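Structure, as structure tokens:
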Amino acid sequence: MKKKMPLLLFEGISLVLIFVLGVILHFTYLWSNKNGFVGLFSAVNESTWEHLKLVFFPTLLFTLLGNFLYQKEYPNYLCAKTKGILVSLAFLVVFFYTFQGVMGFSLAVLNISSFFVSVLVGEFCFLKEKNQISCCNKPCFFILLLLIFSFLLFTYFPPSINLFKDPLTGTFGIQK
């Protein structure tokens with residue numbers, strides 16, 4: 001039987017791959033000639049909501065893989081990762097709107113770095129929570145499914161609020 005890699009090594013490699021995949025997902029919709037299926041998982045515009053996909057989907061991928069690999073040793077793995085994902089998403093939104101609200105404008109370097117920082121904040125939350133008393137995974141699966149459904153639905157049918165508005169074009173969601 002092969003020995004499993006240590007959790008911290010797995011998490012470190014996952015972080016690097018989440019960063020890479022998140023950056024790639026920023027462009028895949030355009031690279032795919034605006035393919036609607038690709039747009040479900042990629043940013044289809046420059047709205048804050050669409051940028052949350054860049055954090056969520058790569059992190060979800062490695063959460064599911066990590067849960068499969070480490071759930072026996074860390075029964076709280078999925079709960080801790082779900083908390084980390086929620087913290088990452090919240091951090092990204094709060095950071096963006098706080099900075100933009102205080103400064104009155106947006107800086108590309110801060111927008112880009114907020115992606116990396118939000119992933120790191122979520123990972124820190126996970127590492128802090130991973131050894132806590134085990135929780136029930138059913139609510140975590142439900143939360144993750146609800147997030148998946150929301151990202152897929154709001155790509156095509158976004159509410160008309162600023163979170164979903166492309167600041168460059170003034171449009172919402174995927175354009176037909």
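Each value in this text was obtained by applying a stated rule to the coordinates, not by laboratory testing. Given the structure is predicted, the values throughout are model-derived calculations rather than measurements. Glycine gets a Cβ as well: all are built from the backbone with ideal geometry, and neighbour counts include every protein chain shown.
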Any idea which of 163, 145, 168 is farther than 26 Å from residue 69 by Cα and under 17 Å from the mean Cα position of the chain (by Cα)? 163
Residue list for the range 137-166, filter: in contact (Cβ under 8 Å) with a residue 24 or more places away in the chain and either on the phi > 0 side of the Ramachandran plot or assigned to a loop (DSSP other than H, G, I, E, B) (or both): 158, 166
Considering the range 25-75 alone, what residues qualify as being farther than 26 Å from residue 141 by Cα and in a helix (DSSP H, G or I)? 28, 29, 30, 31
Would you check if there is a residue in the range 40-60 being over 23 Å from residue 165 (Cα atoms), in contact (Cβ under 8 Å) with a residue 60 or more places away in the chain and over 17 Å from the mean Cα position of the chain (by Cα)? no
Candidate set from the range 107-142 (those that are within 19 Å of residue 51 (Cα to Cα) and of a type in the set (Val, Ile, Thr)); member that is surrounded by the fewest Cβ atoms within 10 Å (Cβ to Cβ): 109
